[in-house]
Amino acid sequence: METVTIVGLGYVGLPLACLCAEKGHKVYGLEIDENKVNLINKSQSPIQDEYVINKLKKVTGKINATTNPDDCIPNSDIVITCVPTPITKSRSPDLTALKRSVTEISKFLKPNTLLIIESTIHPGTVEEIIVPILKKQNLDPGKNDVFVAHCPERIDPGNKKWTIEDLPRVVGGITKEATKKAAEFYKTIIKADILELSNIKAAEATKIMENTFRDINIAFVNEMAQSFDKAGIDITEVIKGASTKPFAFMAHYPGAGVGGHCIPVDPYYLIEKARQIGFTHKFLSLAREINNNMPNYTVQLLENELKKLEKSIKDAKVGVLGLAYKANVDDIRESPSAEIVETLKNKGAEVFVFDPNVKKESNVRDFDELLSKSDYIVLATDHKEFRNMDLSKLEKNKISIVIDGRNCLDKEKIKSMGIAYHGIGRS
Ligand SMILES: NC(=O)c1ccc[n+]([C@@H]2O[C@H](COP(=O)([O-])OP(=O)(O)OC[C@H]3O[C@@H](n4cnc5c(N)ncnc54)[C@H](O)[C@@H]3O)[C@@H](O)[C@H]2O)c1
């Protein structure tokens with residue numbers, strides 16, 4: 001059993017803290033948000049995540065959360081940072097939280113502690129930014145005063161099949177000893193394989209490549225969807241067809257936009273780092289451009305349908321379903337829904353929004369109120385409540401257009417009720 005401090009108790013850090021406690025480690029959580037600290041110490045989850053809610057109950061009293069590094073870092077054998085690595089308004093990497101947390105931690109580390117960075121970072125971040133911070137405290141990771149490694153997190157909140165415990169991991173350290181120590185630790189909590197890479201940059205690049213792969217493939221289907229829209233081809237049929245090929249095709253799905261703290265963020269980390277070292281990522285930037293335009297495209301679809309009814313978007317009463325960036329979670333970071341709402345408002349529409357997981361940000365009480373106030377619907381998030389909606393309610397509430405931003409509704413049934421339907425590459 002080791003004493004482990006998890007720094008940053010969010011979508012990544014909190015499940016990790018629960019897992020470490022469940023596997024018998026002594027666990028501290030260092031978090032700057034006092035409200036989160038208080039909730040976690042009462043075994044209540046600050047995030048709407050079934051896995052975390054259940055695990056917190058299971059490990060009641062076993063995670064000691066605090067805002068004070070002095071309470072935990074000097075006692076810890078292992079410190080793992082899971083703080084956010086977002087982008088700025090101008091879409092540059094924002095490493096403020098990571099630098100701040102490592103600066104704080106470095107003042108309290110005992111010799112030979114294993115420091116693991118789980119936050120997503122571009123290649124070179126640990127060597128160029130983290131190591132100098134540690135050296136300021138006379139800790140040299142090259143000499144193993146402190147063992148420093150990167151182990152990118154692959155968790156997919158809400159995914160019941162692939163949980164933190166079942167996902168294989170890759171680790172890379174500043175030294176071979178650091179890599180080994182990190183791998184040994186993960187073997188105590190993860191059931192899947194742990195791959196040791198020969199250097200830390202390769203581990204940093206692995207995560208960015210995985211998420212960029214996803215962004216590019218989504219951009220590809222989003223472009224195909226727009227092309228097929230013009231051609232009158234339903235892309236969901238085409239994806240079904242292409243998926244019968246047993247090799248060299250991997251289904252990705254078009255949608256109203258790409259959100260969350262990872263996919264629309266991580267490519268910018270690589271784009272910027274590569275720019276600094278003299279390489280231009282044209283392909284990655286184009287993918288970002290295509291995906292960033294999807295909320296706008298979704299609103300355009302509504303405008304096209306309104307035109308067919310000789311109606312205008314100005315003063316149109318539009319109900320937007322969903323604020324979270326993906327189904328069945330409460331995370332609204334980088335959510336395309338916010339941009340859809342803003343674009344609609346800028347065009348003069350009256351917008352009603354409802355998300356069962358984000359009620360605080362909704363401007364109507366429930367789905368029924370939204371339907372009663374709206375003439376047109378834009379589905380932005382495929383929460384189960386929307387995917388399984390009683391479609392007869394659309395007819396009862398005289399909804400005349402449905403824009404299905406996640407291609408998750410029964411288009412034939414909706415059309416059979418005399419309601420105009422348009423998905424993303426599906427009509
Ligand atoms: N959300 C995901 O699905 C996901 C998946 C894989 C990897 N990641 C990566 O993991 C990292 C964390 O993401 P997240 O979604 O958990 O973020 P989050 O915002 O949910 O959680 C981060 C937590 O860190 C806290 N924090 C910020 N600065 C701090 C500091 N100086 N000291 C202590 N606590 C601090 C915040 O208050 C917050 O509670 C990011 O680098 C992200 O790219 C996220």
Note to self: For a quick check of your reading of the model, give me the residue pairs whose first member lies in the range 233-246 and is in a loop (DSSP other than H, G, I, E, B), whose second is of a type in the set (A, V, I, L, M, F, W, C), with beta-carbon atoms closer than 9 Å and at least 6 apart or on different chains.
What the structure shows: Asp234/Phe228; Ser243/Phe249; Ser243/Met250; Ser243/Ala251
Note to self: Of the conditions (1) touching a residue at least 12 places away in the same chain (Cβ under 8 Å); (2) within 14 Å of the ligand (Cβ to nearest atom), Asp94 satisfies every one except a single condition; which number is it?
What the structure shows: (1)
Next item on the list: Any residue in the range 28-44 that's more than 16 Å from Ile6 (Cβ to Cβ): show its pairings with residues that are at pLDDT 95 or above and in a loop (DSSP other than H, G, I, E, B) at Cβ separation under 6 Å, as long as the two are six or more apart or on different chains.
Entry: Glu34/Thr67
Checklist line | the range 31-48: number of residues that are within 9 Å of the ligand (Cβ to nearest atom) and of a type in the set (D, E, K, R) | finding: 3
Check: Inside the range 369-395, can you point out the residues that are among the charged types (D, E, K, R) and touching a residue at least 12 places away in the same chain (Cβ under 8 Å)?
Finding: Glu369, Lys373, Asp375, Asp382, Lys384, Glu385, Arg387, Lys393, Glu395
Next item on the list: Looking for whichever is free of Cβ contacts under 8 Å to residues at least 12 places away in the same chain and not in a strand (DSSP E or B) here; the options are Asp145, Asp156, Asp229. Which one fits?
Entry: Asp156
Note to self: Taking the conditions exactly as written (modelled with pLDDT of 95 or more, at negative phi, part of a helix (DSSP H, G or I) and out of contact with any helix residue (DSSP H, G or I) (no Cβ under 9 Å at 6 or more places or on another chain)), does Leu394 satisfy them or not?
What the structure shows: no
Item checked: Index of the failed condition, Gln300 passing every other in (1) without any contact (Cβ under 8 Å) to a residue 40 or more places away in the chain; (2) surrounded by 20 or more Cβ atoms within 10 Å (Cβ to Cβ); (3) not assigned by TED's automatic domain parsing to the domain that holds Thr212 -> (2)
Next item on the list: Kindly indicate which of Tyr28, Tyr11, Tyr51 is near the ligand (Cβ under 9 Å from one of its atoms) and either within 23 Å of Asn159 (Cα to Cα) or out of contact with any Leu (no Cβ under 7 Å at 6 or more places or on another chain) (or both).
Entry: Tyr11
Next item on the list: Being under 16 Å from Gly322 (Cβ atoms) and surrounded by fewer than 22 Cβ atoms within 10 Å (Cβ to Cβ) is the filter here, so list the residues in the range 383-393 that pass it.
Entry: Lys384, Glu385, Arg387, Asn388, Met389
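The values are calculated or read from the model by the stated rules, or taken from the named source; none is laboratory data. These numbers were taken from a predicted model, which means no experiment stands behind them. Cβ coordinates were reconstructed from backbone atoms using ideal geometry, including for glycine residues, and neighbour counts include every protein chain displayed.
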